[in-house]
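Values quoted throughout were computed directly from the atomic coordinates according to the rules given, and no laboratory measurement underlies them. It should be emphasised that the depicted structure is a prediction, and the values quoted were computed from it without experimental measurement. Every residue, glycine as well, gets a Cβ built from its backbone with ideal geometry; the counts of neighbours run over all protein chains shown.
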Amino acid sequence: MNKLIFLKVYALVFFFSLAINAQQTVLVHSIQEFNTAVSEAKPGTNIVLANGVWQDAELLFEGEGSVSKPIKLSVEEKGKVTLEGQSYLQIAGSYLHVEGLVFKNGYTPTNEVISFRKNNKTLAYHSRLSECVIDNYSNPERHEQDSWVALYGKNNRVDHNHFEGKGNRGVTLIVRLNSKESIENNHTIEGNYFGPRQNLGSNGGETLRVGTSHFSMEKSKTIVQGNYFDRCDGEHEIISNKCDQTTFKNNVFFESIGTLTMRHGDETWVEGNVFLGNRKRNTGGIRVINGQQTVKNNYGYGLTGYRFRGALVVMNGVPNSPLNRYFQVEDAVIENNVFVNSDHVQLCAGSDDERSATPLNSTFKNNTFYLDKESELVTVYDDISGIEFDNNRTNFPINPNMTEGFKVKKMSLVKDRHGLLMPKIGRKIISPDLADVLPSKENTGTSFYSKEDKRIAFESGKTHTVSAGVNTLFDAIKNSKPGDILELNESLPYELTKLPLIKHPLTIRATSGTNPMILWEKKAAFDIVNGGELRLKGLSFDGENAPDGSGNAVIRTSKYSMNKNYSLRIEDCAFNNLDVNHSFDVISIYKNTFADEIHIENSTFNNITGHVMALDRETDDVGIYNAEFVTLINNKFTNIQGTVLSLHRGGKDESTFGPFLYLDHCTLENVGFGSRNKYQTALSLYGVQDIVIKNSVFTNTKNIKMHLVVGEPIVNVSNIQMDQAGQIEVSGDQKYTLGKVFTKETNPSDLIGTDNAPLGVRINK
């Protein structure tokens, strides 16, 4: 009997509990219902967004929950609720929890997609954002600035979210310290997946920033731990710390360009982080600035970045530095870190007349560096007497001037429990103290949203044969799918009376043994618009049908801002008779567009009244430029009235990496003499950060002009012949060296390139 009474009582309690919970869950189908539910919410209430698309949803989630009964905002089914268009979310109050929201197909009309505040006076405290997604929710104006998540208030938590594909200017996740209510905030940022972020080509592309320079002397006490940064390439600083007492612990950086940078503020703790560059260009590790910084038990593999992007960088400071410059490194502790096959350790980096304050009272000990082959790993730019070096291990001498505090040891490599390659000395594996479980794609972010790589490679789609004729190519382009290949196989011309838009990655190529001709009647043959990428192979282009007016081109980018980077590859092509009027370019680009690469190989260019490439539309001189990698290999340029290349990066901002120029085995004849060539050069390189010009011949050409500013640009001009050509003009305040420059009188036996092949183009077209 007692047992029966107990069961009845238990049943009543159970069903009463269900009834309460049912009362606490409110399913809403509209903004009006949402607002009503928020206004009536009590501790323990769960407001649930119904499945579907919430278009232009302006959500203010405001309330006062409790420790045991937070007020929750969730979704009916994760992955089936999306906020699109001009949607955004504000979180304000205490003990609030947001879970499962997906922002996509739009952008915020405000400065922030998710903001932990209602206004400057009403902030969020003890609140949580978890398992939410922001995917390519980017303003179409590339340099229009916004942030995706902005943390205000105190004791908030951002965990297991998915952030991917930010294409416009602004920080992905930012911690604000702009009021006393947000100082010493004790936020936690944990277990998040920061997916690929493209190179912005300007300042303002950080993935994570804590603080700002104006409030950099304030304490944050934010903890950033257990996050996965996947190819976060936005700018020089993947993470920019700009306040005191921030902890970065047990994060993984996978093939991410840039560094974890202690930009401003003191007492930063950087421990147990893993940097996997895998030899990707410009991947870096940790940059140390300011006082009382601790860098210990971190691991780096295959990091290739140099100078400010090195595997481990210790900066010089500015005496009596203002808040927005560089404070002196003092009392830094750098110990027990391991770097394997990482190229550059930079000490006193940035040393110049302004940054003259060298590190003080710092220790550099028990660090291990392994290299597959001997190289000068450590570069010293200034006085390092303020750093104590002790018991550091290398398998090769790292710098001929550094012997104290470094021991050369015979090492091998073995995999540790995480699968990371660690140095082994004798029987001892030298490994930093890493977390038992490292962050990965699989164990960070959300459980319901795919992390599948969204990049579409050239020639990954279907192949379609296109017959010659009028607009047959236009129709094929219009009907193509991302990654498709259009094959042209006839000797008859392919005529375009309409301008095709390249909206996705597309390859147009000739079949083997053919050289199809493309003619066009619009001001361009192809227009690359947002999302488009183009590869041309084995084709001929003739400008005979182009309109009789200035400003024609073969390929141009959209005149509207493009928030997606593009690639352009040209191989085995011929461009002739672009001369129906003046200023006929091969490639014409517009402002607010950015190419990850422009690669031209085995191609010829003849009789052109404009430029081959004028990549110089960003003239605001704030560090913005139009292309990252420009590669010219085995090309012949003949009778070009403009320049072969004008590549411009103005200003002295140090937050970007490029541009990079690689020119090898090219021949330039009669280049640059057009009266409308405002550059009066064959090559105009302004602010280019990495210049390689080699194995090439310049005959009857205008000057090569290089203006070298900011960033200690690398200049490698070697094994080139200048035959009745202009000079190499260098201006600016940066150091440079020139290799072998031959004249016509040079003994022909000396005209051998760095690869032991004759100079100049090696193709016959």
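General observations
- Signed unit charges on C-beta, dipole axis of region 539-692, positive-most listed residue GLY551, ASN577, SER567: GLY551
- DSSP-assigned coil residues among trypsin sites (Lys or Arg not before Pro) in region 325-374, each with at most 10 further Cβ atoms within 10 Å: LYS373
- Long pairs among LYS451/LYS481; LYS564/LYS694; LYS280/LYS735; LYS365/LYS407; LYS462/LYS522, criterion Cα-Cα beyond 20 Å: LYS451/LYS481; LYS564/LYS694; LYS280/LYS735; LYS462/LYS522
- Computed per residue of the chain from DSSP H runs no shorter than four, each worth -39500 (n - 2.57), the mean residue ellipticity at 222 nm is -1500 deg cm²/dmol.
- Counting neighbouring Cβ atoms within 10 Å and putting the fewest first, the residues ASP433, ASP159, ASP416, ASP616 line up as ASP433, ASP416, ASP159, ASP616.
- Aspartates and glutamates whose Cα lies under 14 Å from that of LYS410, excluding same-chain neighbours fewer than 8 positions away: ASP372, GLU374
- Peptides 461-472, 437-448, 659-670 ordered by average Cβ neighbours within 10 Å, highest first: 659-670, 437-448, 461-472
- Cβ-defined net charge surrounding GLU712, 11 Å radius [Lys, Arg +1; Asp, Glu -1]: -2
- For ASN168, distant residues with modelled amide H under 5 Å away: ASN139
- Per residue, the average separation of C-alpha pairs within less than 8 Å and at least 6 apart gives region 463-750 a relative contact order of 10 percent.
- Of LYS503/LYS636; LYS104/LYS478; LYS249/LYS441; LYS69/LYS118; LYS80/LYS454; LYS72/LYS166, those spanning more than 23 Å from alpha-carbon to alpha-carbon: LYS503/LYS636; LYS104/LYS478; LYS72/LYS166
- Anisotropy class of region 420-478 from Cα gyration tensor, a/c 1.5 cut: oblate
- Net dipole in debye of the chain [+1 Lys, Arg Cβ; -1 Asp, Glu Cβ; about Cα centre; nearest 20]: 1480
- LEU492 versus LYS180: modelled label distance in nm, points set 7 Å from Cα along the beta carbon direction: 8.3
- By the combined test of axial Cα extent (at least 20 Å) and Kyte-Doolittle hydropathy (mean at least 1.0), the qualifying DSSP H helices of the chain come to 2-24.
- Furthest towards positive pole of dipole, SER39, GLY65, TYR88, structure part region 34-91, Cβ charges: GLY65
- Estimated from the Cβ-Cβ distance and a Förster radius of 30 angstrom, the FRET efficiency linking SER356 and ASN716 is about 0.60.
- Evaluated at q = 0.12, 0.13 Å⁻¹: base-10 log I(q)/I(0), Debye formula over Cα of region 463-750: -0.74, -0.87
- Label of the coordinate-derived value, semi-axes √(5λ) of the Cα gyration tensor in Å, listed as (1) 49, 36, 23; (2) 80, 26, 25; (3) 61, 31, 25: (1)
- A simple packing score, the average count of other Cβ atoms within 10 Å per residue, orders the peptides 401-409, 753-761 as 753-761, 401-409, with the highest score first.
- Farthest positive-ward along region 463-750 dipole, Cα basis, beta-carbon charges - from LEU519, LEU685, PHE660: LEU519
- For region 171-185, 3J(HN,Hα) per residue [Karplus equation, 6.51 cos²θ - 1.76 cosθ + 1.60, θ = phi - 60°, Hz, x = Gly/Pro]: 6, 5, 10, 10, 9, 9, 10, 8, 7, 5, 6, 10, 8, 6, 7
- Mean Cα-pair separation over length for the chain, i.e. relative contact order, pairs under 8 Å, 6 or more apart, %: 6
- Cα-centre dipole for region 463-750 with unit charges at Cβ (Lys and Arg positive, Asp and Glu negative), debye to 20: 360
- Each peptide in 53-60, 567-574 gets a packing score, the mean of other Cβ atoms within 10 Å over its residues, and the list from highest to lowest is 567-574, 53-60.
- Within the straight-line cut-off of under 17 Å between alpha carbons, the aspartates and glutamates reachable from LYS296 are ASP266, GLU267, GLU271, GLU330, ASP331, GLU335, GLU388, ASP390, ASP433, ASP436, sequence neighbours fewer than 8 places apart in one chain being disregarded.
- The separation of region 125-188 from region 666-694, counted between C-alpha centres, amounts to 44 Å.
- Across region 133-255, Cα pairs under 8 Å and at least six residues apart give a relative contact order of 24 percent.
- When only alpha carbons are used to place a centre, region 547-588 and region 32-85 end up 50 Å from one another.
- Dipole size of region 615-721 about its Cα centre, with +1 on Lys/Arg Cβ and -1 on Asp/Glu Cβ: approximately 500 debye, rounded to the nearest 20.
- As a calculated quantity, the FRET efficiency between ASP436 and VAL67 at R0 = 45 Å, using C-beta atoms, amounts to about 0.95.
- Three-way shape call for region 641-726 based on the alpha-carbon gyration tensor, with the a/c threshold at 1.5: oblate
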